[in-house]
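J.: The structure follows.
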Amino acid sequence: MNSFLEDPAGWASTIIAGASLAWNVLQQFQIHSIRRRDDLSQTDLEPFLDSTSNSIVYFRLVGPLTMYDVRIPPQATFGTSPYTPLLAKRLRPNQICHTGFTGENAVLLLPDDFEIEWRSSHMSRSHKIRVSLTEIKKEAWNRSSKSVRQIRERASRP
């Protein structure tokens, strides 16, 4: 009686099956990697101003991923506390987080592109996302100039 290991055909079929399994695992890994990059490219933070203040900015998460440890990097703390502000521990799709800046019109002093750090769901990879603040800065400018005009009008009334 021949053992499986003594038969050359048994060895060949084992090697072919092992190579096939390894090839399938590699393909699944590549597919997962491509899907992950697609999810990352679809992820965005949509900024908008608080309805009553020019010093509070809200961020809505748009995209399929959940963000963890969403924070403003230390080098980008324009007008915030000296500590790295944590915006959210976990931010799910379509959820909103916010941050406040010191000063009445602090948003106007922010850069046009604001960088925010976050971690993926595996808690191992850190990502950075750039958020354009040009639209909310325009809105803040319009609000502040409108309030200045209203103050001047009130002062000029008898």
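The values are calculated or read from the model by the stated rules, or taken from the named source; none is laboratory data. Here the structure is a predicted model, which means the values were calculated and not measured. Ideal geometry is used to build each Cβ from the backbone, glycine not excepted, and the neighbour counts take in all protein chains shown.
J.: (1) crowded, with 16+ Cβ neighbours inside 10 Å; (2) at pLDDT 75 or above; (3) over 25 Å from Pro93 (Cα atoms): which one isn't true of Ser144, the others all being true?
T.: Unmet condition: (1).
J.: Provide a single number: the residues in segment 101-140 that are modelled with pLDDT of 80 or more, touching an Asp or Glu at 6+ places or on another chain (Cβ under 9 Å) and either among the β-branched types (Val, Ile, Thr) or closer than 15 Å to Phe59 by Cα (or both).
T.: Residues that pass the stated criteria total 10.
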